[in-house]
1. How do the peptides 210-217, 231-238 rank, highest first, by the average count of neighbouring beta carbon atoms within 10 Å per residue?
2. Quick one: Karplus J couplings for the range 212-217, per residue in order, coefficients 6.51, -1.76, 1.60, θ = phi - 60°, nearest Hz, x for Gly and Pro?
3. Equivalent ellipsoid semi-axes for the range 142-229, as square roots of 5 times the alpha carbon gyration tensor eigenvalues: give them largest first, rounded to whole Å.
4. How many angstrom separate the Cα center of the range 127-181 from the Cα center of the range 185-243?
5. Relative contact order for the range 111-253: what percent, with Cα pairs under 8 Å and sequence separation of 6 or more?
6. Calculate what fraction, in whole %, of the accessible area of the range 67-214 sits on carbon and sulfur atoms when a 1.4 Å probe is rolled over the protein chains.
7. Please state the relative contact order of the chain as a whole percent: Cα pairs under 8 Å, 6+ residues apart?
8. How about the range 35-84: which trypsin sites (Lys or Arg not before Pro) there lie in a loop by DSSP and see at most 16 other Cβ atoms within 10 Å?
Amino acid sequence: MAGVTDTTPPVFLVPELPEAGHADLDGEEAHHAVTVRRLRAGERLTLSDGRGGVADCVAATVHAGRRPTVELTVERVRTVPAPALRVTVAQALAKGDRGELAVELATEAGVDAIVPWRAARSVARWDDGPRGAKALGKWRAAAAAASKQARRAWVPEVSDPMSTAELASAIASADVALVLDGDAPDRLTDIALPDAGELLLVVGPEGGVAPEERDAFVEAGARRVRLGPTVLRTSTAAAVALGALGALTARWA
């Protein structure tokens, strides 16, 4: 992956960060460290609480077995500030694993929050029962896994799914709201973007944003924008847009 070398310490998510000194890594993350990554004593690793808190550690002792544990020397605990311009992606539900792929790619590209959107043209349908909860859990797991892969200190929050009306209300309260639309007259590079605040980016489903949805979003204050001359899949559009926003604003400064 660009920007991450083989010597970059792996990241493991924990509910709460330890204080400087000594701590233990156990549970599922210890199992992953010991049996999957083959962590050895003396190697460096990072603990993250997913909320900007980071602990730089060294593995003092590694215990394998049925319940792996890693004894850590905690060298430093620090906080990584959140971006001044916070980007939330409203991602339309997509069929198969394309929704999870969209979450994964957007997370690696730096998204701050993700809203699953029940778009009119979405093939996938999440009910309010166990199947919907399972699908939402997969999106949240994808965000957590991608955050570790990208060595992020912040794990994007994946909210409960929204209807079109609920998303229009969210657009009205955002500082800037953009709807990706290949037929839009304006390019993303034509829009004056802030360096701080809340930016909401709407990504439609495989069939695109329905005209009535587009009109509702524009009425709520959104701008329609296109990224370029090509048509992107719903699973890749957010990541491409986030890359552009990183370059066009102070998010990558």
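The values are calculated or read from the model by the stated rules, or taken from the named source; none is laboratory data. Just so we're clear, the structure is a prediction, and the values are computed from it rather than from any experiment. In this analysis, Cβ positions are derived from the backbone assuming ideal geometry, glycine residues included, and neighbour counts consider all displayed protein chains. Quick note on the areas: whole protein, heavy atoms, side chains included, nothing else; ligands and nucleic acids left out. Shrake-Rupley method; radii C 1.70, N 1.55, O 1.52, S 1.80 Å.
1. The densest-packed peptide leads the list: 231-238, 210-217.
2. 5, 5, 4, 5, 5, 5
3. Over the Cα atoms of the range 142-229, the semi-axes work out to 24, 16, 15 Å.
4. Taking the Cα centre of each part, the range 127-181 and the range 185-243 sit 16 Å apart.
5. 29 percent
6. Answer for the range 67-214: carbon and sulfur cover 49 percent of the accessible area.
7. 20 percent
8. Loop-located and lightly packed - Arg37, Arg38, Arg40, Arg66.
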